[in-house]
Amino acid sequence: MPETETYADLHADATAVLSRWTATSPAAAANRDRTLALLAAGPVAMSRAHRPGHVTASALVLDPAGDRVLLCLHGKFRKWVQLGGHCEPGDRTLAAAALREATEESGIAGLVVEPEPIDVDIHPVACQGGSLHYDVRFAVLAPAGATERVSAESEALGWFPPDRLPEPLADGTVQLVAPALATLARRVAG
């Protein structure tokens, strides 16, 4: 199946989600607009083979009370970061891609993804000899008593208070905390 067909549903979802999303910051709004411009290239923009850049999905995992966030010490660049990564041909929505990545990387069953993004970040990566990740980020809630399990992609996993994140911390991770906690508060209140 041609790549444009493989990612057609995911591309449609990404375009719809980002077109209606109210950004959580001015930087996120600018990155949303840049991501929508990238998506004008069609479904290929969802694939890591798209050299100008591609959409990725990540998740800041919170415990049920919002007292801790789960981060991984990334195996390649040796910084603490939220869970996430490349979209796959079987992903139907960006939220589902973020949930799949969080589940794979944390080993936690029963995670629940909030359907609206909490941030969009664009950053350079080594993919395809140098590219950009247009990372759409989601809040993901862990069940009570969740126990994490380190995957092949990370050196370590750890739960941290939102106001005491570990170092070295990847650029852009700290900006997820406030909108993720706001999402949790809305969920609890609603």
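The values are calculated or read from the model by the stated rules, or taken from the named source; none is laboratory data. All values derive from a computational prediction rather than experimental measurement. Cβ atoms come from the backbone with ideal geometry, glycine included; neighbour counts cover every protein chain shown. Quick note on the areas: whole protein, heavy atoms, side chains included, nothing else; ligands and nucleic acids left out. Shrake-Rupley method; radii C 1.70, N 1.55, O 1.52, S 1.80 Å.
Listed values, structure above:
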| item | result |
| --- | --- |
| Condition met for V113 (of a type in the set (A, V, I, L, M) and surrounded by fewer than 20 Cβ atoms within 10 Å (Cβ to Cβ)) | no |
| Any chance G145 is among the small types (G, A, S), touching a residue at least 24 places away in the same chain (Cβ under 8 Å) and on the phi > 0 side of the Ramachandran plot | no |
| Top-ranked residue of the stretch 21-54 - restricted to ones that are within 18 Å of the chain's Cα centre (by Cα) and among the charged types (D, E, K, R), ranked as surrounded by the most Cβ atoms within 10 Å (Cβ to Cβ) | R32 |
| Residue in the stretch 132-139 that is aromatic (F, W, Y), touching a residue at least 24 places away in the same chain (Cβ under 8 Å) and surrounded by fewer than 21 Cβ atoms within 10 Å (Cβ to Cβ) present | no |
| Residue check for L181: assigned to a helix (DSSP H, G or I), open to solvent by 20 Å² or more (accessible area, probe 1.4 Å) and in contact with a Gly (Cβ under 6 Å, 6 or more places away or on another chain) | yes |
